[in-house]
Amino acid sequence: MSIRDVYIVDAVRTPIGKFGGALAPVRPDDLAAHVLRALVDRSPALDPARVDDVYFGDANGAGEDNRDVARMAVLLAGLPVTVPGVTVNRLCGSGLEAVVQAARAIALGDASVAVAGGVESMSRAPWVLQKPERAYPAGPQQLHSTTLGWRMTNPRMPAEWTVALGEGAELIADRHGLGREQQDAFALASHRKAADAWAKGLYDDEVVPFPGTDLSRDECVRDNTSLAALAKLKPAFRPEGGTVTAGNSSPLNDGAAALLLVDEEGLRETGREPLARIRASAVTGIEPQLFGLGPVEAVRRALGKAGRSFADLRTFELNEAFAAQALGCLAEWPELDPEIVNPRGGAIALGHPLGASGARLAGSVAHQLAAAGSGTGLAALCIGVGQGLALVLER
């Protein structure tokens, strides 16, 4: 059996809304349906019935994104009912996992045309009440927020594995000697690059605003922030001596992203030039409390599979869950030129809607390679509970 080449024809995303912001009134299944419909409409020569499957990442799934949000998006977007959909969950890596799984299906001949993406509404993530072990409990019951992080943790898990995500970032800062000033400077650079990219229209080709909302640009980008403003913020996880703050961490967000993937036959049917070709991917595990360093080995393995090195990269989209996490990864890749990392800003500025972020990163790399005309690009994320995921693209 021959392995088929897999191409990314197009990629779109919503502007990313802040927690409780402009996209908070929008259901996650409607966000997913919107990017799916917009993506299909941008390839009018392609019959929507030719989409063999729709893969969507979703990290929560506890609220309106339940019941297979990928299939809900297909139906809500008005695609033919014959188009199936599957939802995948690799927490922060869910959107990129969807791209990997769709690409794998096409490479193996199980599909010719597929959509891969991701969605998250952290604003609308519900509180959940655990079902009692027996009827009519006498005492008070606890509601658990499903917005982010550990909940209903198995008591068999070692305590060091289940620390808060921000404490995990502090552990990385300790390991690599990353001070508060260095983290704040990284965060400031993220905002400045994002603001500059928006001002130059670099996101115009991929962002599709949600109808009826007053949001045409990522809502968390702070054009006028400064090191002085960031320095005023208190540590969020270690009151005494902590370095991780709300300003040098990614925010809570809402958003969706989608990519159109095809083989050679599907490419001919679209009548379009592809943005990029998928070359290789890799996923790895690490101690859960050090989740932020998960991409370190995943990136090395993906590059090895692709027969490429850091020197071959034109652009690298690394998710910025925390400045300490991103800086910790960069410290372990001394051969990587940091100037090519997140050239249009990262998640600290743009936002991190968990299930959508990986698809956003892959789409951004594809658009950047298309704009450059050639080259190799890489997208990677750290993943809660200790994983890393990376994808290599070429044009």
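Across 5 Å bins from the origin, how do the percents of Cα pairs in the stretch 278-395 run, short distances first?
2, 13, 24, 28, 20, 10, 2, 0
Please report, in debye to the nearest 20, how large the charge dipole of the chain is about its Cα centre when each Lys and Arg carries +1 at its beta carbon and each Asp and Glu carries -1 there. Numbers along the way, then the final one.
Values: 38 positive and 47 negative charges, 86 e Å.
Roughly 420 debye for the chain.
Report, for the chain, the % of DSSP beta bridges that are antiparallel, rounded to 5. Mind dumping the intermediate values first?
Values: 40 of 57 bridges.
Bridges in the chain are about 70 percent antiparallel.
Residue farthest toward the positive end of the dipole of the stretch 90-231, with Cβ of Lys/Arg at +1 and Asp/Glu at -1: which of HIS176, SER121, GLY212?
Result: SER121.
Do the sum for the chain: with -39,500 (n - 2.57) for every DSSP H run of n ≥ 4, divided by all residues, what is the mean residue ellipticity at 222 nm, to the nearest 500 deg cm²/dmol?
-9500 deg cm²/dmol
Spelling out what I want: for every residue of the stretch 377-390, take phi, set θ = phi - 60°, compute 6.51 cos²θ - 1.76 cosθ + 1.60 (Karplus), and round to whole Hz; glycine and proline get x.
Using θ = phi - 60°, the values come out as x, 9, 10, 8, 9, 7, 9, x, 6, x, 9, x, 9, 9 Hz.
Which value results when the Cα radius of gyration for the stretch 277-320 is divided by 2.2 N^0.38 Å?
1.22
Determine ³J(HN,Hα), in whole Hz, for all residues of the stretch 112-126 in sequence, where each value follows from phi through the Karplus function 6.51 cos²θ - 1.76 cosθ + 1.60 and θ = phi - 60°; x replaces Gly and Pro.
For the stretch 112-126, the Karplus curve yields 10, 9, 8, 10, 10, x, x, 8, 7, 10, 6, 5, 9, 4, x Hz.
Quick one: which residues, 5+ away or cross-chain, put their amide H under 5 Å from the amide H of VAL208? H built at 1.01 Å from N.
Long-range HN contacts for VAL208: ARG13, THR14.
Place a +1 charge on the Cβ of each Lys and Arg in the stretch 248-296 and a -1 charge on the Cβ of each Asp and Glu, then give the dipole magnitude about the Cα centre in debye, rounded to the nearest 20. If you can, show how the numbers build up before the last one.
Values: 4 positive and 7 negative charges, 30 e Å.
With only Lys, Arg, Asp and Glu charged at Cβ, the dipole is about 140 debye.
For the chain, what is the accessible area per residue in Å² when the probe is 1.4 Å?
Values: 16120 Å² over 395 residues.
So the chain comes to 41 Å² accessible per residue, rounded to a whole number.
Provide Rg over Rh for the stretch 1-108; use the alpha carbon set for both Rg and the Kirkwood Rh (inverse mean inverse pair distance). Working shown, then result.
Values: Rg = 14.2 Å, Rh = 14.7 Å.
Rg divided by Rh gives 0.97.
I'd like to verify something in the chain: which complete DSSP H helices, judged by Cα projection on the helix axis, reach 18 Å or more and average at least -1.0 on the Kyte-Doolittle scale? Present the calculation step by step, with values, prior to reporting the outcome.
Numbers: long enough: 28-41 (20 Å, 0.39); 94-107 (19 Å, 0.93); 180-199 (29 Å, -0.80); 354-372 (28 Å, 0.75).
Helices passing the filter in the chain: 28-41, 94-107, 180-199, 354-372.
Output the relative contact order of the chain, whole-number percent, from Cα pairs under 8 angstrom with separation of 6+ residues.
Values: 996 pairs, mean separation 108.7, N = 395.
That works out to 28 percent.
Report, by chain and number, residues whose modeled amide H sits under 5 Å from the one on VAL6, excluding near sequence neighbours (fewer than 5 apart, same chain).
Excluding prolines and chain starts, which carry no amide H, the hits are ILE278.
Could you give each residue of the stretch 213-226 its phi-based ³J(HN,Hα) in whole Hz, using Karplus coefficients 6.51, -1.76, 1.60 with θ = phi - 60°, and x for Gly or Pro?
10, 9, 9, 10, 9, 3, 7, 9, 5, 10, 5, 10, 5, 8
In the chain, what percent of the accessible surface is made up of carbon and sulfur (1.4 Å probe, ligands and nucleic acids excluded)? Please report the intermediate quantities before stating the final value.
Numbers: 8280 of 16120 Å².
Within the chain, the accessible surface is 51 percent carbon and sulfur.
Name the shape class, rounded, prolate or oblate, that the alpha-carbon gyration tensor gives for the stretch 74-150, where a ≥ b ≥ c are the square roots of its eigenvalues, rounded holds for a/c under 1.5, and otherwise prolate holds if a/b is larger than b/c and oblate otherwise.
Taking the square roots of the gyration eigenvalues as a ≥ b ≥ c, the stretch 74-150 is prolate.
About its Cα centre, how strong a charge dipole does the stretch 238-343 have in debye, to the nearest 20, once Lys and Arg get +1 and Asp and Glu get -1 at the Cβ? The partial results should precede the final answer.
Values: 10 positive and 16 negative charges, 37 e Å.
So the dipole magnitude of the stretch 238-343 works out to roughly 180 debye.
Looking at [x] 38, 26, 21; [y] 35, 26, 18; [z] 31, 26, 20, which value of semi-axes √(5λ) of the Cα gyration tensor in Å comes from a calculation on the structure shown?
[z]
The values are calculated or read from the model by the stated rules, or taken from the named source; none is laboratory data. Note that the structure is a prediction, hence the values are computed from the model and not measured. Here Cβ is always computed from backbone atoms with ideal geometry, including for glycine, and neighbour counts include all displayed protein chains. We work out accessible area using only protein heavy atoms, side chains counted, and drop any ligands, DNA or RNA first. Shrake-Rupley method; radii C 1.70, N 1.55, O 1.52, S 1.80 Å.
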